[in-house]
Amino acid sequence: MSAGDVLLVSLGSTIGLRGADEQLCASLERAGARVRLARAQAPRPVRTLMLTDLAWAHAARRASGRALAAPADTSARPRAIIYSSTTAALLWRVPGAIRFDAPAAANRAGRHGLWQRPLEQRRLRQAPLLLPWSEQALEEAAVGPELAARALVVPVAVEPSGALGGERDITAITYAANPSKKGLDRVLQAWRELPAGDRGELLVAGLEPRELERALPGASAVAGVRALGALPRDHYRALLRRARVFVCAPRREDYGLAQLEALADGCMLVTTPAPGPYAALALARSLDQRLVGEDLVGALRAALEHPLPGYAARAQAALSPYRLQALDRLVSEQLLARLLGQRTQL
């Protein structure tokens, strides 16, 4: 293989996206490919989602442009390109595969996606290969049978972050970097209504104390609630290994990576249903139906007062399709051949 088999254009607008891109690059390299990661530089914050997507799309275009600046040696040019997210592909210079957790057609409703949605559909039609994170994401993209035949589901892998079986001395944890989308207000309301004997401590990761108070005035005064801010990944995963419950009430969920990581680290998952390609939702229902529903208080009480035996072990078995070994097998047996079979003019 040449020095430039695959170029991955990474939007990397969140920690989860950056981790997913790095994971896929490593898997491709284990399969024998030479991979270059082109990272978009974060643009300055703007006020609307339309402008935010435009700024990130330009950042991705600049990143791919730098990576594709033609060297004299054509063998150093990539044989295939992966754009990580439909936003990264919107203003592409060269067609390539598109990997996405959810389409703008679903998560940019109304005025928030006026220009993104039609352009996204054009890019999905032009892409030689579609790489959704889940079957549900492909369904939301509404690409039809012809384009679905050009798709390969490539999930983000999750692994336990350390040895399980230690003391679970944290009652509950949630992740709320986007508090409205993650339904933090609903989580806190349920926490308020829990019997005092169940409460203990609820840790809110991804949100600074001042941000918590600004998003939900009075939230910092709720007994047992502590906002931790943005945490180093190792620190966050260590907290998951100590927590009994991961609780969330998303208004929409594009994949549920935080929930899958919580299951991998031995937490019980308490969640409301949510629209979107919520991969962790079916797993949560299969593990304990009582913990999934609109009655968050009842679900929390069931998890804390009457946990089902063997939950963590069953979660590990249910996560087998999401393990790194499964991803590596998919990449080596299917993805790499399909990528390098692209007929892209660079």
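Annotations for the structure displayed:
- Residues that are acidic (D, E), touching a residue at least 12 places away in the same chain (Cβ under 8 Å) and closer than 20 Å to A172 by Cβ, drawn from segment 294-346: E294, E305
- Subset of segment 294-324 [closer than 22 Å to E201 by Cα and not in a helix (DSSP H, G or I)]: E294, D295, H306, P307, L308
- Note on segment 120-135: among residues that are out of contact with any strand residue (DSSP E or B) (no Cβ under 8 Å at 6 or more places or on another chain) and crowded, with 20+ Cβ neighbours inside 10 Å, the one that is farthest from P321 (Cα to Cα) is E120.
- Extreme residue, farthest from E167 (Cα to Cα), among residues of segment 277-296 that are buried (at least 21 other Cβ atoms within 10 Å of the Cβ) and of a type outside the set (A, V, I, L, M): P277
- With respect to the conditions (1) outside the structural domain of A238 (by TED's automatic domain parsing); (2) closer than 30 Å to L335 by Cβ, Y175 falls short on a single one, namely (1).
- Residue identified as touching a residue at least 60 places away in the same chain (Cβ under 8 Å) and in contact with a Gly (Cβ under 7 Å, 6 or more places away or on another chain) among A249, A264: A249
Per-residue answers, yes or no, for (1) crowded, with 24+ Cβ neighbours inside 10 Å; (2) touching a residue at least 24 places away in the same chain (Cβ under 8 Å); (3) farther than 19 Å from L37 by Cβ; (4) not assigned by TED's automatic domain parsing to the domain that holds D254:
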residue: R79; (1), (2), (3), (4): no, yes, no, yes
residue: Y83; (1), (2), (3), (4): yes, yes, no, yes
residue: T86; (1), (2), (3), (4): yes, yes, no, yes
residue: A104; (1), (2), (3), (4): yes, yes, yes, yes
residue: N107; (1), (2), (3), (4): no, yes, yes, yes
residue: G110; (1), (2), (3), (4): no, no, yes, yes
residue: G113; (1), (2), (3), (4): no, yes, yes, yes
residue: P118; (1), (2), (3), (4): no, no, yes, yes
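- Output for segment 14-40, where each listed residue is under 27 Å from R111 (Cβ atoms) and either touching a residue at least 60 places away in the same chain (Cβ under 8 Å) or surrounded by fewer than 16 Cβ atoms within 10 Å (Cβ to Cβ) (or both): T14, G16, L17
The values are calculated or read from the model by the stated rules, or taken from the named source; none is laboratory data. Keep in mind the model is a prediction, meaning the values are calculated, not measured. Note that we place each Cβ from the backbone using ideal geometry, even for glycine, and neighbour counts take in every protein chain shown.
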